[in-house]
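Structure, as structure tokens:
The values are calculated or read from the model by the stated rules, or taken from the named source; none is laboratory data. Computed from a prediction, not measured in an experiment: that's the story for all the values here. Methodologically, a virtual Cβ is constructed for each residue, glycine included, from the backbone with ideal geometry; neighbour enumeration extends over all protein chains shown.
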Amino acid sequence: MFSAAYEMLGGDKRKAQSVIDSLKIIRQGLPVEMLDRGMLTLGLTKTDYAKIIGVNLRTLQQKMKKPNATLSPTASEHALMLADMVKEADEYFGDRDATLRWLNKPSLVFENETPLSLCDTKTGIILVTEEINKLTYGYTA
């Protein structure tokens, strides 16, 4: 389910081939060091990335000092959904720079909010992903 997203964050995509594999990864929690890849993927600071996946920055900084620290299942799922959304956008726009421009540009579809600003909730990620799918399949206004 999240094999490409897991790979984008630095994991071995062979470990996330099925929905059950993805659930196991989410329940175990992503390794904290995967955050660096997530930040780079979206061109965000650690503070902004932590905020968007719903992790307290201070808690995150403490976890980063511990070996083998993991994110909560909720934050792990959020990070994987974000990476999956970026993968979809990359496929449509053709490259990461174009994806990041689109994610950071206010859109009438989202009432002049940026797509990325909606991604602090799973519902927002789903909404943005649906819009990417509409663009992909030609459902533009």
**Item:** Inter-residue pairs, beta-carbon under 6 Å, first of a type in the set (Val, Ile, Thr) and in region 16-28, second in a helix (DSSP H, G or I), 6+ apart
**Value:** 25/16; 26/73; 26/76; 26/77
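Yes/no matrix, rows are residues, columns are (1) modelled with pLDDT under 95; (2) among the hydroxyl-bearing types (Ser, Thr, Tyr); (3) closer than 19 Å to residue 6 by Cα:
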| position | (1), (2), (3) |
| --- | --- |
| 28 | no, no, yes |
| 41 | yes, yes, yes |
| 54 | yes, no, yes |
| 62 | yes, no, no |
| 76 | no, yes, yes |
| 82 | no, no, yes |
| 109 | yes, no, no |
| 122 | no, no, yes |
**Request:** Go through the residues of region 47-65 one by one and say whether even a single one is within 13 Å of the chain's Cα centre (by Cα), surrounded by fewer than 20 Cβ atoms within 10 Å (Cβ to Cβ), of a type outside the set (S, T, N, Q) and farther than 16 Å from residue 122 by Cβ.
**Result:** yes
**Asked** Do the conditions hold for residue 33, that is, is it modelled with pLDDT under 95, closer than 17 Å to residue 7 by Cα and more than 13 Å from the chain's Cα centre (by Cα)?
**Response** yes
**Request:** Within region 96-107, identify whether any single residue is at pLDDT 95 or above and farther than 21 Å from residue 138 by Cα, and answer yes or no.
**Result:** yes
**Prompt:** Do we have any residue at all in region 101-112 that's charged (D, E, K, R), under 18 Å from residue 52 (Cβ atoms) and touching a strand residue (DSSP E or B) at 6+ places or on another chain (Cβ under 8 Å)?
**Reply:** no
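From the list 100, 127, which residue is surrounded by 14 or more Cβ atoms within 10 Å (Cβ to Cβ), hydrophobic (A, V, I, L, M, F, W, C), more than 21 Å from residue 9 (Cα to Cα) and over 11 Å from the mean Cα position of the chain (by Cα)? Please lay out each step first, then the result.
Values: 100 fails: more than 21 Å from residue 9 (Cα to Cα).
None of the others qualify; the one that does is 127.
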**Item:** Criterion violated by residue 37 - all others in (1) surrounded by fewer than 15 Cβ atoms within 10 Å (Cβ to Cβ); (2) free of Cβ contacts under 8 Å to residues at least 40 places away in the same chain; (3) under 24 Å from residue 121 (Cβ atoms) satisfied
**Value:** (1)
**Complete:** Only one of (1) touching a His at 6+ places or on another chain (Cβ under 7 Å); (2) under 19 Å from residue 99 (Cα atoms) does not apply to residue 36, and that is (1)
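Could you tell me which of the residues 116, 135 is surrounded by 14 or more Cβ atoms within 10 Å (Cβ to Cβ) and more than 28 Å from residue 28 (Cβ to Cβ)? Walk me through it before giving the result.
Numbers: 116 fails: more than 28 Å from residue 28 (Cβ to Cβ).
Answer to the check: 135.
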**Asked** Residues 90, 84, 95: which one is closer than 15 Å to residue 8 by Cβ and exposed (fewer than 14 other Cβ atoms within 10 Å of the Cβ)?
**Response** 95
